[in-house]
Structures are given as structure tokens and as C-alpha cells.
Amino acid sequence: MEIRRKIYDRIKEWKEESNGKKALLIEGARRIGKSTVAEEIGRNEYETYALIDFNIASRRIREAFDDLNNLDIFFQTVSLECNVKLIPRKSLIIFDEIQKFPKAREAIKYLVADGRFDYIETGSLISIRENVEGITIPSEERKLKMYPVDFEEFMEYMGESVLMEYIKECFMKKAPLDPKFHTKAMHLFKEYMLVGGMPQALVEFKRNGRDFGAADMEKRDILELYRDDIKKSSRKYNSRVAAVFDNIPAYLSTHEKRVVLSQVENGVTFERYEDPMFWLKDSMICNLCYKCNDPNVGLALNKNESYVKCYMGDTGLLVSHAFSENELADQQLYKQIMDGKLSLNEGMLYENVIAQMITAMGKKLYFYTRYNEEKHRNDVEIDFLISNDSKVNYRIHPIEVKSSKNYTTTSLTRFKELFGKKIETQIIVHPKNFSMEEGIWKIPPYMLWCVF
């Protein structure tokens, strides 16, 4: 495994804690490394493992699931077809791309009860109706979400673990970095923002001497895979999924950044886009961020599902999705972003990457706006609201994302006037070094992973 993934340790914990009593289902978008990490676990943590890829599984493998009354025959078939000796309690069986063959997922109930082997399932679009129709979802299954390579993993892969420790140390002390290290950290963060966290793109970036163009070629291949997946989604709504997906850069380049359906279909209501939006979320291609009407009461309780922002699950993919190959070919656009001179779209990229980082922390995305009737515009705009998840002492962290070094804190001040009793910490993510002013944490984006 060329890039060390933190999820590896969580899978090891499952192995030790479940002791064969639960299968593990790893969910994630396509091409983020689910199969790679599952095989690495099989190779390192078991004596043998069998990989069944349901994209290419043989007819004999598929037919073996028709009769589970004699599991000896079933395991014999798996062993012969995979050319692997299966050893009770010492072997792992991996069901890869399990959404392609739901019957295998249903069989987990009986396979786990048998107790001879451990099971890891990997897949995307796990909850889509057509992928679970007619099967019983096994309760003997633990779910684990996998996301693109995060900033910590990126830094380790790029050989910057010492700098990450220094960043964490500065955060714990609530102190800024030495200016030269701040400059270096910001440079690395911008690289991460542009390349993204799709493993193949990141590997090509590093292998080719930090070449953004090499990474872009990989990302465009992945985007084409996503478009193919969208075409294969239900005919009832695949055109609407495609319409929202194609318009994500346009939505995010506006001031409010929310999904405006009138741009893709006249006179349409959000109800008609409920399934398409769910598909984009469930595929983990996108991260949805909902407006919270009243943060005083609770974020999920006051979610406005018709007022939503749609971020790309990986910001590197957003770069390749938003800009044509010709725009990126001469490297000028990359240079402008690295130099902080792409004012038009840089805010879009910064906000998307922060949404990506928050999601990878296991947090749900919410935002808040208040419309001022007298001024005919929003007078409070908070990009993200993060809850402390406490049911007894509920608190929120309002977060504003600023791509420019010059900005005001007006929205945060007004938000505090409205919801001050519920606020834990006010946070501004900006390109400048760490500082604390009037109770507001002003942190550079490379430090956000330290906060939650």
C-alpha cells in the first residue's frame, strides 16, 4: 500500500473486537482505495485471503450463492476458483464491489453464523434502492465509511510527518508557526487542494515530480467513471443526477453556493430531485450541506432539505471538473492558485476542501444564513456549523472560510448575538498564520484537522 491509510488501523480494531461475529462493510466512492486497503489487511493480518470481485466473478462463484445449505461445498468453490487455501479463523474472504451482486451481501448472515472465516465487503452506492431491492440487509454487518486521502495522509505520503507534528504542537499551544514553516505548510496545503485525495492521482503527482498535469489525467479518468455510473443509475432520475453533477462548479462559483434547480429545469420542485440528490450523497461523489433554520434547537432537527449546497467529495476532482484540459494545460491556472491570485474561483476550492475535511472527520455538514428584508440580502452567512454531538450540553462551532487575507468578521459577530449561549468556539479558516482575536480562532486550513 503506497499511501498509508488511517482506516487500516480501524479495520484492525474491527478484526480484534468482532472476532468473527460481524462482517465489515467498507463504503466509499469509486477509486478511493477500498479494495487496496482490504487486500492489504488480508495480506498482512491473515495467513491467507480470497478476493471475489463481483465485477468479474465467475459463473461458478455466483451460482455458489444459490445454495448455502452446504457451506462446505460453498467454501470449496471459493477456494478452487480463487486458488487459495482457506484456513478456519485464519483466513479472510473479501467481497469486492458487493453492490454488483446483492445476493452475496444477503448471504453474510449465514456465513458469519458459520464462524469459520472473517468477511470484508467493499462497495459504493450501497443504499441505492435498486442495489438492495429484494434482499434482507444483514444485521451481522458493521459499516465503515472510507473517504479520499486526507491532509494528514497526504503530508505523510509527501514525507512531511515532522512538519505535521510541529503544526499540532503549535495548535496545542495556540501559537502561530514560524513564518517560513507557515509558508511551506500553505504551499503543501494548496498542492493537496489541487491534486486532491484520489490515490491514483496523488501517486502520479508524486511519481512525476509533483506534476499537476499527470494528476489531472488520472482525475479525468475517474470523472468519466462517475459519469458512466450516473448513466447506469435508475432511468427514473439519471438525467437529473447528471444535470446536478454537471452544474456543481457553477453552483459553487456563486456567492451563496447553493443548488438552484431552476438552472437545470424550469418550474421544478425539490421533491423531484430527492432521489437524484440522495444518489449523489450515497455514492459519496458529493457531500451535501443543508441549511439549519434554527441552530438554537439543533442542527439535524431544523434541517432545511430544500436549501442545500452540493460539494464535490474530492476537491482535486472539482478542479478537473471545473476547468477544461485546455485551461489547465499551460499550468498558468495552477500557478495562479498556488500564488493566491485566482480570486474568482479560489473561494470555491477553499470552501470545498474544508467541507471535504469536515466530512472525513465524521461530521455532518450544515450552514446558516439569515435574510434581511430591509437590505434585501443575507446579513448573516456562516459557511459551516459543527455540533459537539452532545445531547446534554449541546454546543456548536460556527466556521467561516476565507480564501483572501482581507475580510470582515461581521457575520460571526451577528451570529454570536443571535446564538451566543450555544456557541463553543468561533472559527475562521484563512490563509494567514494562527491567531486569536476577540474569542475567535483564526486558523490556517492546514491546522483544521487539529480542531475536532
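The values are calculated or read from the model by the stated rules, or taken from the named source; none is laboratory data. Since this is a predicted model, take the numbers as computed values, not measurements. Glycine gets a Cβ as well: all are built from the backbone with ideal geometry, and neighbour counts include every protein chain shown. Heads up: the accessible areas ignore ligands, DNA and RNA and are worked out on the full protein's heavy atoms, side chains in. Shrake-Rupley method; radii C 1.70, N 1.55, O 1.52, S 1.80 Å.
With coordinates expressed along the principal axes, the C-alpha atoms belonging to the range 321-411 extend over 54, 38, 22 Å, beginning with the largest. Let me know the whole percent of all Cα-Cα pairs from the range 387-452 that are separated by more than 14 Å. Cα-Cα pairs in the range 387-452 separated by more than 14 Å: 58 percent.
With all protein chains kept in place, the per residue accessible area of the range 399-452 amounts to 45 square angstrom at a probe of 1.4 angstrom. In summary, the aspartates and glutamates within cross-link reach of K291, defined as a Cα separation below 18 angstrom excluding same-chain residues under 8 places away, comprise E256, E271, E274, E305, E351, D379, E381, D383, D389, E400. Listed by chain and number, the lysines whose alpha-carbon sits under 25 Å from that of K206, ignoring those within fewer than 8 places in the same chain, are K6, K34, K168, K180, K184, K190, K219, K335, K341. Report, in deg cm²/dmol and to the nearest 500, the calculated mean residue ellipticity at 222 nm for the chain, where each DSSP H run with n ≥ 4 adds -39500 (n - 2.57) and the sum is divided by the residue count. Value at 222 nm, helices only: -13500 deg cm²/dmol. The alpha-carbon atoms of the range 290-357, seen along their principal axes, cover 50, 20, 19 angstrom, with the largest extent given first. Placing +1 on each Lys and Arg Cβ and -1 on each Asp and Glu Cβ, with no other charges, gives the chain a dipole about its Cα centre of roughly 760 debye.
Rounded to the nearest 0.05, what FRET efficiency do E274 and I137 give with R0 = 25 Å and r taken as the Cβ-Cβ distance? Could you check? For R0 = 25 Å, the calculated efficiency reads 0.75.
Taking label points 7 Å from Cα along the Cα-to-Cβ direction, N69 and H187 give a separation of 6.9 nm. For the pair K168 and E437, the difference between a 0.36 nm per residue extended length and the Cα-Cα distance amounts to 94.8 nm. Taking amide H as placed 1.01 Å from N in the peptide plane, A50 has its amide H under 5 Å from the amide H of L92, I93, I94, each at least 5 places away in sequence or on another chain.
For an R0 of 25 angstrom, estimate the FRET efficiency from the Cβ-Cβ distance between K236 and K145 and round to the nearest 0.05. Efficiency computed from Cβ-Cβ geometry: 0.40. Within the same chain, lysines fewer than 8 places from K174 are excluded, and of the rest, those with a Cα less than 17 Å from its Cα are K432, K442. Just to confirm the filter: which chymotrypsin sites (Phe, Trp or Tyr not before Pro) across the range 244-321 are DSSP coil and have at most 15 other Cβ within 10 angstrom of their Cβ? Here no chymotrypsin sites (Phe, Trp or Tyr not before Pro) fit, given the DSSP loop and packing criteria. Based on Cα atoms of the range 254-385, Rg over Rh with Rh as the Kirkwood radius reads 0.99.
The gain in end-to-end length when the K391 to R210 segment is fully stretched comes to 60.6 nm, 0.36 nm per residue minus the alpha carbon separation.
Across the range 73-212, Cα-Cα pairs farther apart than 28 Å form 48% of the total. What a 1.4 Å probe finds exposed on the chain is 46% carbon and sulfur by accessible area, rounded to a whole percent. A crude spin-label estimate for the pair F323 and N83, with each label 7 Å from Cα along the Cβ direction, gives 4.5 nm. In summary, the convex hull built on the alpha carbon positions of the range 29-151 has an orientation-averaged projected area of 7.8 nm². Note that the chain carries a Kirkwood radius of 23.6 Å, evaluated over its alpha carbons pair by pair. Taking 0.36 nm per residue of separation and subtracting the current Cα-Cα distance, fully stretching the chain between N266 and K100 would add 56.3 nm.
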